1. Say whether the condition of being touching a residue at least 40 places away in the same chain (Cβ under 8 Å) and among the acidic types (Asp, Glu) is met by at least one residue in region 218-233.
2. Look through Val36, Val104 and report the one residue that is in contact with a Cys (Cβ under 9 Å, 6 or more places away or on another chain), surrounded by 15 or more Cβ atoms within 10 Å (Cβ to Cβ) and within 30 Å of Ala207 (Cα to Cα).
3. Among the residues of region 49-67, write down those that are surrounded by fewer than 17 Cβ atoms within 10 Å (Cβ to Cβ) and either basic (Lys, Arg) or touching a His at 6+ places or on another chain (Cβ under 8 Å) (or both).
4. Within region 189-215, which residues are closer than 30 Å to Asp145 by Cα and out of contact with any Phe, Trp or Tyr (no Cβ under 9 Å at 6 or more places or on another chain)?
5. So for region 106-122 (the condition being without any contact (Cβ under 8 Å) to a residue 60 or more places away in the chain, out of contact with any strand residue (DSSP E or B) (no Cβ under 6 Å at 6 or more places or on another chain), under 27 Å from Val169 (Cβ atoms) and of a type in the set (Phe, Trp, Tyr)), does at least one residue qualify?
6. Mind listing whichever residues of region 120-138 are surrounded by 15 or more Cβ atoms within 10 Å (Cβ to Cβ) and either among the basic types (Lys, Arg) or assigned to a helix (DSSP H, G or I) (or both)?
7. For region 139-160, state whether one or more residues are loosely packed, with under 14 Cβ neighbours inside 10 Å, farther than 19 Å from Ala41 by Cβ and among the hydroxyl-bearing types (Ser, Thr, Tyr).
8. Taking region 109-139 as the region of interest, how many residues are touching a helix residue (DSSP H, G or I) at 6+ places or on another chain (Cβ under 6 Å) and within 19 Å of Pro226 (Cα to Cα)?
Amino acid sequence: MTDKPIPLFDAWFGLSILPHWHLHAWLMFAIWIVLVPAVVALTRFGKPPPSAVGIPKGSPKFGRKLYWFTLHRVCLFVLTVISVVAGLMAVTASNGFSGTLHAVFGIGTLVLSALQVVGARWRGTHGGRDPEQGTPNRPVFTRGDHYDMTLRRRWFEACHKTVGYFALVCAIGAVATGLSQYWIFGIAIALGFVVACWLVIAIVLEAKGFRHDTYLSNFGTGAHHPFNKARIDTISGDGAT
């Protein structure tokens with residue numbers, strides 16, 4: 001790390017701005033140890049309980065059935081953009097990639113988070129209950145990658161969830177190794193406290209049954225839904241080859 005003026009601001013704007021590493025540290029800590037895990041926890045434990053109708057198309061984006069997904073998309077996009085900008089500013093202030101463990105973990109976090117944003121475009125079509133075409137007594141279901149749980153959707157979910165959790169692991173590594181370069185007592189204490197809190201919160205919410213199956217929450221509990229039927233057939237042995 002250096003305390004010299006940031007070259008980018010000096011070259012582009014003629015401004016002599018010193019790097020504030022403590023602000024960088026607190027910002028990244030807030031984003032990756034507090035806010036991103038909060039959104040992940042909301043996504044994991046905030047889904048509506050499975051019902052007969054699931055989440056019909058046209059449901060209010062901030063209504064009980066869909067607010068968790070709206071916040072998942074909006075918040076993670078905004079937090080990713082902020083962290084990428086902050087990370088690039090740190091690289092510029094350091095006169096390029098330093099090659100330290102902190103830099104490796106930090107760049108890894110930014111790359112994985114950017115892949116999450118870009119990769120979300122490959123989630124495929126949704127499908128499911130369409131209230132515009134059907135009635136409560138005669139529902140109509142449209143095809144979709146998610147509703148049919150196509151191979152594309154299965155690979156997307158496998159990649160999206162795994163890459164997301166690896167990004168959080170890299171973020172913890174970045175914060176821990178960052179402290180070895182620029183010690184901030186408050187962050188060190190907060191890191192241990194917040195991680196312990198997330199552990200307890202996850203255990204409690206899991207034990208109380210707040211984690212619901214995504215497919216059941218989205219499309220309903222009916223055995224006629226493609227993925228529900230496939231799982232029932234697998235359990236009963238009807239789907240065996």
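Bear in mind that the values in this text are calculations on the coordinates, not laboratory data. None of these values were measured; they are calculated from a predicted model. Here the Cβ positions follow ideal geometry from the backbone for every residue, glycine too, while neighbour counts run over all protein chains shown.
1. Within region 218-233, the subset touching a residue at least 40 places away in the same chain (Cβ under 8 Å) is 218-222, 225-227, 230.
Now narrow it down to the ones that are among the acidic types (Asp, Glu): none.
The answer is no; no qualifying residue exists.
2. Every option except Val36 fails the conditions.
3. Answer for region 49-67, where residues must be surrounded by fewer than 17 Cβ atoms within 10 Å (Cβ to Cβ) and either basic (Lys, Arg) or touching a His at 6+ places or on another chain (Cβ under 8 Å) (or both): Pro49, Lys57, Lys61, Arg64.
4. If the condition is that a residue be closer than 30 Å to Asp145 by Cα and out of contact with any Phe, Trp or Tyr (no Cβ under 9 Å at 6 or more places or on another chain), then Gly209, Asp213, Thr214 are the ones that fit.
5. Looking through region 106-122, at least one residue is without any contact (Cβ under 8 Å) to a residue 60 or more places away in the chain, out of contact with any strand residue (DSSP E or B) (no Cβ under 6 Å at 6 or more places or on another chain), under 27 Å from Val169 (Cβ atoms) and of a type in the set (Phe, Trp, Tyr).
6. Answer for region 120-138, where residues must be surrounded by 15 or more Cβ atoms within 10 Å (Cβ to Cβ) and either among the basic types (Lys, Arg) or assigned to a helix (DSSP H, G or I) (or both): just Arg129.
7. No.
8. Within region 109-139, residues that are touching a helix residue (DSSP H, G or I) at 6+ places or on another chain (Cβ under 6 Å) and within 19 Å of Pro226 (Cα to Cα) number 6.
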